[in-house]
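Trainee: Just dropping this structure here.
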Amino acid sequence: MFCKLVRLLCFLFIGVVESAEKTAAPTILYSRQSPLGLIEVITTSEPEVLSICENKDYDVMQSTFKQGDPTYLGLLYEPLVTISFCFTKKLNKVLLLGLGAGDFLGYLMNYFPTAQVDAVEINPAMIDIVKQFREMDIKNLANYHCRDGFEYVDEIKGHYDLIFCDMYLEKPSIAEKYTNLFKKLKNCLKEGGVFIFNAYIPLVPRAVVKDIFENFENIAAAMTDDEGNIVLICYQGPAKTKENFEKIAGDMQDKYGFHYALPDVLQKFEFIPPANHETWITKFPVLS
Ligand SMILES: C[S@@+](CC[C@H](N)C(=O)[O-])C[C@H]1O[C@@H](n2cnc3c(N)ncnc32)[C@H](O)[C@@H]1O
């Protein structure tokens, strides 16, 4: 009788542990060993929201997206990037350096479906994921280039209205890789075009940010609420005031009805006068 009771208790205990493990483990919808590690798409506690994780590290979501809603931007810095829409004269030709899960691509195409986009991504698994999980929500497809963005820039022939640089791997950037990158990109912008750089603070060397400030005549910047990223918006030519952009942001918001209201996003940006460059540059680590 005693043995039976012990067996029953063991059975119940193991059952509880197993079911707890089952609820904790995510469902894996996609798995591919890429040259840059194991990439998986997993479910999250929110319906329709999927997450991309690397090397089975389920505590760190590299990216999240919501199937059926390309206007959902899951990472804190992403809504800040949308301010670029009111900094450029036109949105005909766009270059994305670092496609990732295609969050910005989906958002951009939702509002500007006629834009021609070149999307450069070093990891074939990311392009695969965009094709399998996101293309059904994207109104116009991009030209995907599976290659190193730094090399791609060396061969650019045309000019772009908007260039968004968001190329990261899980290690600090090597400042030398960025040598002349901003000079080249500046020359690949159309007149009235805009360059956006997402800087994840711990991984971007101060020298890289200094180089951006040296290359572009006008820069506005915003930090995410968790102080993890700084988004820099850069353009050439005569400087415009924040009031100029408030008018443009308001008009565009009325016309397009963006999910993340442009006038609200604009309020997060500081238009940086030369005297304040150093304050922003020194927010980044030296990383020798
Ligand atoms: C933060 S994600 C980009 C997210 C993207 N902006 C979005 O809207 O979803 C960074 C991406 O840059 C890619 N990447 C890293 N180094 C690269 C390089 N040298 N050339 C091209 N892509 C690169 C990574 O594979 C990763 O997918």
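The values are calculated or read from the model by the stated rules, or taken from the named source; none is laboratory data. Just so we're clear, the structure is a prediction, and the values are computed from it rather than from any experiment. Neighbour counts run over all protein chains shown; Cβ positions are idealised from the backbone, glycine included. All accessible areas refer to the heavy atoms of the entire protein, side chains included, with ligands and DNA or RNA removed. Shrake-Rupley method; radii C 1.70, N 1.55, O 1.52, S 1.80 Å.
Trainee: So how far apart, in nm, are the two label points at residue 252 and residue 58 if each is 7 Å from Cα heading toward Cβ?
Mentor: 3.9
Trainee: Something else about it: Report residue 223's accessible area, 1.4 Å probe, all protein chains in place, as a number in Å² to the nearest 10.
Mentor: 60
Trainee: Could you compute how much accessible surface residue 211 exposes when probed at 1.4 Å, giving the result in Å² to the nearest 10?
Mentor: 40
Trainee: With a cut-off of 8 Å between alpha carbons and a minimum separation of six or more residues, what is the relative contact order of the chain in percent?
Mentor: In percent, rounded to a whole number, it is 15.
Trainee: Compare the Cα positions of 175, 87, 119 along the charge dipole of the chain (+1 at Cβ of Lys, Arg; -1 at Cβ of Asp, Glu; about the Cα centre) and return the one farthest towards the positive end.
Mentor: Checked the options; the winner is 119.
Trainee: If the reach is capped at under 18 angstrom between alpha carbons, list the aspartates and glutamates near residue 247, excluding any in the same chain fewer than eight residues apart.
Mentor: Straight-line reach from residue 247, under 18 Å: 264, 270.
Trainee: Using a 1.4 Å probe and ignoring any ligands, DNA or RNA, find the accessible area of residue 277 and quote it in Å² to the nearest 10.
Mentor: Counting only protein heavy atoms, residue 277 exposes about 40 Å² to solvent.
Trainee: For the chain, what does the helix formula give at 222 nm: sum of -39500 (n - 2.57) over DSSP H segments with n ≥ 4, over the residue count, nearest 500 deg cm²/dmol?
Mentor: Helix contribution divided over all residues of the chain: -9000 deg cm²/dmol.
Trainee: Please list 90, 240 in order of solvent-accessible area, largest first, computed with a 1.4 Å probe with all protein chains present.
Mentor: Ranked from most to least accessible, the order is 90, 240.
Trainee: Using Cα-only point scatterers and the Debye equation, what is log10 of I(q)/I(0) for the stretch 78-281 at each q in 0.09, 0.13 Å⁻¹, rounded to two decimals?
Mentor: Computed log10 I(q)/I(0) values: -0.31, -0.69.
Trainee: Nearest 5 percent is fine: what portion of the DSSP beta bridges confined to the chain is antiparallel?
Mentor: 60
Trainee: When the dipole is taken about the Cα centre of the stretch 78-281, and only Lys, Arg (+1) and Asp, Glu (-1) are charged at their Cβ, what size is it in debye, to the nearest 20?
Mentor: 560
Trainee: Carbon and sulfur atoms: what percent of the 1.4 Å accessible area of the chain do they account for?
Mentor: Answer for the chain is 55 percent, counting heavy atoms of protein chains only.
Trainee: So, for the chain, what is the accessible surface per residue at a probe of 1.4 Å, expressed in square angstrom?
Mentor: 50
Trainee: So, one more: I'd like to verify something in the chain: which complete DSSP H helices, judged by Cα projection on the helix axis, reach 30 Å or more and average at least -0.5 on the Kyte-Doolittle scale?
Mentor: Taking the DSSP H segments of the chain (at least 30 Å long, mean hydropathy at least -0.5), we get 2-24.
Trainee: Let me ask you something else. For residue 66, go through the lysines and keep the ones whose alpha-carbon is under 20 Å away, minus same-chain ones fewer than eight residues off.
Mentor: 131, 139
Trainee: Another question about this same structure. Using 24 Å as the Cα-Cα cut-off, could you pick out the over-long pairs in 89/184; 93/171; 93/183?
Mentor: Violating the 24 Å Cα-Cα cut-off are 93/171.
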